[in-house]
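Comments concern the structure below.
The values are calculated or read from the model by the stated rules, or taken from the named source; none is laboratory data. Computed from a prediction, not measured in an experiment: that's the story for all the values here. Ligands, DNA and RNA are excluded from the accessible area calculation, which covers all protein heavy atoms including side chains. Shrake-Rupley method; radii C 1.70, N 1.55, O 1.52, S 1.80 Å.
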Amino acid sequence: MAKYTYLFADGEKQEVEVSYEILEILKKEDHDEYLNDRRETRRHIHWEAMDNDGETFVIPERFQMNSATAPEIWHGEMLSGIRESLEALDPDQRELIRKIFFEMKNPSEIAEAEGVGRSAISNRLTRIYKKIKKNLETDREF
């Protein structure tokens, strides 16, 4: 038997005896949680933290409004760009997007219904995503 210190959500610690097999599992879970927390922390960077070596991050002029309206404008611009990008797709591509995102079908279900392999659907989706990304990059300055 080995001793493991269990940390409760409220910050309280308690030492418990566990088998060595359980101890290894708990250590692995602790390590995975640490890595996930680290990954999540690195993902969220505040705008003010983007000042590198005296270079200030410049917000595009069209977004330099009061802080209450800027997120709504950004959101509206983004939705407009996405809508235009979706309209630029071929009808078959739009249909596939509708099935995936609105009917919540997975690629395997679609492939089976169309009588093709799952990889064919995945390849179509990859081409669609690239086309949408290209349209967003050329039409907008996000």
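With a 1.4 Å probe and every protein chain left in place, work out the accessible area per residue of the range 76-142 in Å², rounded to a whole number. Intermediate values should be presented prior to the final figure.
Numbers: 4640 Å² over 67 residues.
Using a 1.4 Å probe on heavy atoms only, each residue of the range 76-142 averages 69 Å².
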| For residue 22 and residue 36 in one chain, what is 0.36 nm times their gap in residues minus the Cα-Cα distance, to one decimal in nm? | 3.0 nm
| Excluding ligands and nucleic acids, what accessible area in Å² is computed for residue 131 using a 1.4 Å probe, to the nearest 10? | 60
| request: On the full set of protein chains, 1.4 Å probe, figure out the accessible area of residue 6 and give it in Å² to the nearest 10. | output: 110
| request: Kindly report, to the nearest 10 Å², the accessible surface of residue 17 as traced by a 1.4 Å probe over protein heavy atoms only. | output: 110
